[in-house]
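Here the structure comes first, spelled out in structure tokens, and everything after it is commentary.
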There are 2 protein chains.
Amino acid sequence: MEEPRKRARPGRTPAPTGRTSRPRQAEVARLAGVSQATVSLVLGARKQGATISEETRRKVLDAVRSLGYVPDPAASRLAAARNNLLGVFSFTSTFPTDVQHSYYPFLVGVEQEAAARGYDLVLFTGSSTGGAGAAGPHALNRVRLADGCLFLGRHAPADELLRLVADGFPVVHLGRRDELEGLAWVGADYVSASKEVVTHLAGLGHRRIVLVREDDEAAASTDREHGFLKGLEEAGLPGGPAAVFRSADPEHDLTAERLRGWLDDGVTAFVAEETDTGDAWRALHGAAHFVGIDCPNDASLALLGSPPPDLSDGPTPTGFDIPRPQLGAAAVRMLAALVAGEQATEPLVACGFRPGTTAGTPPARL
Amino acid sequence: MEEPRKRARPGRTPAPTGRTSRPRQAEVARLAGVSQATVSLVLGARKQGATISEETRRKVLDAVRSLGYVPDPAASRLAAARNNLLGVFSFTSTFPTDVQHSYYPFLVGVEQEAAARGYDLVLFTGSSTGGAGAAGPHALNRVRLADGCLFLGRHAPADELLRLVADGFPVVHLGRRDELEGLAWVGADYVSASKEVVTHLAGLGHRRIVLVREDDEAAASTDREHGFLKGLEEAGLPGGPAAVFRSADPEHDLTAERLRGWLDDGVTAFVAEETDTGDAWRALHGAAHFVGIDCPNDASLALLGSPPPDLSDGPTPTGFDIPRPQLGAAAVRMLAALVAGEQATEPLVACGFRPGTTAGTPPARL
DNA sequence: CCGGATCGTTAATGCGTATTAGTAATGCGC
DNA sequence: GCGCATTACTAATACGCATTAACGATCCGG
């Protein structure tokens, strides 16, 4: 019987024995007189299964302290088959020089929630070639190094995004995105929030309310209009096209005449949507000021969102706040669920009602 | 001869085959019809030794693209290789709710420079138990997953920081930190910048200049004083204790009388340091206003840094700007050098001189 | 006093990648 | 046609830790 000749042992050369490297579990085990597995069990504080005697535990912990052992996170993560890393991808720089367009408020929540769940964050910037070297058309692939990835802004190419989803890679988009089949997202509940503002106005006694919105098909705009109309309907107030003023250039189209016309028609409250530019609110605000309206005594104003920075020092508008940190946190929650193989969580986050000072009871009828 | 009975095979249960996991090198190898080792060689772009035919290389790269393969960072690290990840550790949250204390300006530069060098960033937040489960006293240890780590703020425990350094892990601290032997850091060159401000004032004709500083031993304060005195010396102006007004509570101690006294003594220019609170500048500003000084006609003022937010709408103070984004970029450059096994780069970053409008020629002598 | 249950520990294995010794195939000179 | 060098690739490790089947010891009830 011929024994197959044992091949020599290839592989890496053993580390130079001279160097004092940091201690391993094996050395802790040797010092404590137990096996490496026992050390791992003691340190792991695992859920169940293994039981360790108090004496052994003490010996191991003593050895750990005396050697100054610290676990190697790379090995832990490899063995545990999870990196505990969540990606955050933004096509433009995550930290733009122009702070105006920054994702900062979202990141506040993202970081908190991720930390609370034991995840670290990996930042990917779309514009750069980045880490793994996978540049060009497959730049999105880099994110696969994480356990899942959050996408900020709508600049990530749809096909690549869907490819990730199709491959079963956990992905969550921050901001409503239901045009992409299968893509999980979280977004603010503009419908409910807008409805709540109308309900509030109706509760103050307003019977004719007009919405000023820009000419835009974005979900953020149409959602607000839906909520607005829904609020009118539930309050039994007149809806229909007359209740919505839609203009591509509200600052120009929302004239003093038009405003006076509405007032003469019995309109007592006006609602503007929030947009990037804040034009709707600015136009409404400007026209009201020009006509000499004493707000909220002559008429009430409300804003479906936050005022633009240049108007932020005026009176606080009645309306709602977009809960950006909460949106970030919700996105992380959903992503964590997907990573764990669970169902996506609730995508809509409620906006907080902001009482403000621009809405009051309607003026007494003449 | 009794063959020792072969033990059954313990170990982990194989992963549930159903889940589509991220592709491994083994799968790439299978698809390309080569061995896993070949895949590693192709992707590694190693120094020398192995030669790979162009055809094989192409097959492997095709398979990589088609599967969307990305190397596992933990496995790379464990196998003693790079993973192109740089850590960013802040003991407090990286994105605090209070934007005032944020590291944002630094991160702008950090992100840019890291992207330019092909690194992705991993955010480690110290306050949480975080990633690998290394809680409590070993929270810092998580950063070993990356190739190196940047530390923000001075809250990271010194012993753990030094432990990382001692173990040869590349670490850079953002902010001067020479009290910790062996720790690499980058910081702003307050000495040169402060000197430059004095030189500017001297060039305008000022012969007696006073520095107002808080009672603080921080490097940021003492550096400014050094630079200030150095500037006086080089300009041949009187230095010494009389040129520096030091107070724990400048707003209270910097009285109108004191200011008038200085003016009577021929002092024509005043310099304040920047601190967290901005108290020195606020006190100087306030006293000058109270005394009725017409700045810069009656006297010149300068600020060694940026004004506090509440005074940011006043006239732009003559002084210098702390180049936070550049500091972040410089820190990344140094970290990249350390990761590559090179010497640390220059730790000091120059501050930009800010002309401002609060300094002019001294008033004509009576 | 024997079969079974419980407890404490260990041997063996896997996680995914990098490295290196070895090998088969080919080219080269004489 | 025979060594020897070169090329192209693969097998077999190692990295450090987590997991789990198996095993010895002790305890227990009948």
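So the values come out like this:
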read-out: Longest site-free stretch - chain B; sites: trypsin sites (Lys or Arg not before Pro), DSSP loop, at most 12 other Cβ within 10 Å; value: B:48-364
read-out: Angle in degrees between helix A:104-116 and the longest Cα principal axis of chain A, rounded to the nearest 10; value: 40
read-out: Computed label-point distance, nm, for sites A:ALA158 and B:GLN36 using a 7 Å Cα→Cβ extension; value: 4.0
read-out: Local net charge near A:ARG30, Cβ-Cβ under 12 Å (Lys/Arg +1, Asp/Glu -1); value: +1
read-out: Cα long-axis angle, helix A:324-339 against chain A (0 to 90 degrees, to the nearest 10); value: 40
read-out: Normalised convex hull volume, region A:190-321, alpha-carbon set, Å³ per residue; value: 97
read-out: Cross-link partners of A:LYS230 among aspartates and glutamates (Cα-Cα below 14 Å; sequence separation of 8 or more within a chain); value: A:ASP189, A:GLU196
read-out: Cβ-based charge dipole, the protein assembly as shown, positive-most Cα from A:TRP185, B:PHE124, A:LEU145; value: A:LEU145
read-out: Kirkwood estimate for region B:222-289, i.e. one over the average of 1/r between Cα atoms, Å; value: 12.8
read-out: Inter-copy spacing of A:ASP321 label points, which lie 7 Å from Cα along Cα→Cβ, given in nm from shortest upward; value: 3.1
read-out: Summed side-chain charge close to B:LEU86 - residues other than B:LEU86 whose Cβ falls under 10 Å, Lys, Arg +1, Asp, Glu -1; value: -2
read-out: Spin-label model distance (nm) - A:ARG260 vs B:GLU346, 7 Å beyond Cα toward Cβ; value: 6.8
read-out: The protein assembly as shown, accessible area per residue, ligands and nucleic acids excluded (1.4 Å, Å²); value: 50
read-out: Gain in span if fully extended, A:ASP298 to A:HIS252, counting 0.36 nm per residue against the direct Cα distance; value: 14.3 nm
read-out: Projected area, mean over directions - chain A, Cα convex hull, nm²; value: 29.8
read-out: Among B:LEU201, B:PRO250, B:ALA280 - extreme Cα towards positive end, dipole of region B:190-321, charges at beta-carbon; value: B:LEU201
read-out: Sorted largest first, extent of region A:243-366 alpha carbons per principal axis (Å); value: 62, 30, 29
read-out: Accessible area, probe 1.4 Å, largest first, for residues A:HIS289, A:HIS226, B:HIS206; value: A:HIS289, A:HIS226, B:HIS206
read-out: Pairwise FRET efficiency - A:GLU234 versus A:THR361, Cβ, R0 = 25 Å, nearest 0.05; value: 0.80
read-out: Inter-copy label distances at B:PRO355 (7 Å, Cα→Cβ; nm, one decimal); value: 5.1
read-out: For B:ALA256, label point 7 Å along C-beta direction: distances to other copies, nm; value: 4.7
read-out: List of region A:55-90 residues, accessible area with partners at least 50 Å² below that of the chain alone (1.4 Å probe); value: A:VAL70, A:PRO73, A:ALA74, A:ARG77, A:LEU78, A:ASN83
read-out: Sites B:LEU204 and B:HIS226 - FRET efficiency at Förster radius 22 Å, r taken between beta-carbons, to 0.05; value: 0.50
read-out: At q = 0.08 Å⁻¹, base-10 log of I(q)/I(0) for the protein assembly as shown (Debye sum, equal scatterers on each alpha carbon); value: -0.86
read-out: Share antiparallel - DSSP beta bridges, the protein assembly as shown, percent rounded to 5; value: 10
read-out: Chain A: relative contact order as a whole-number percent, Cα under 8 Å and 6+ apart; value: 16
read-out: Distant-in-sequence amide H partners of B:THR358 (H built 1.01 Å from N, under 5 Å); value: B:THR318
read-out: Helical mean residue ellipticity (222 nm; -39500 (n - 2.57) per DSSP H run of 4+; nearest 500) of the protein assembly as shown; value: -11000 deg cm²/dmol
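The values are calculated or read from the model by the stated rules, or taken from the named source; none is laboratory data. Fair warning: this is a prediction, and the values are worked out from it, not measured in the lab. We place every Cβ from the backbone using ideal geometry, glycine too, and count neighbours over all the protein chains shown. Each accessible area value is taken on the protein alone, full model and side chains, heavy atoms only, with ligands, DNA and RNA left out. Shrake-Rupley method; radii C 1.70, N 1.55, O 1.52, S 1.80 Å.
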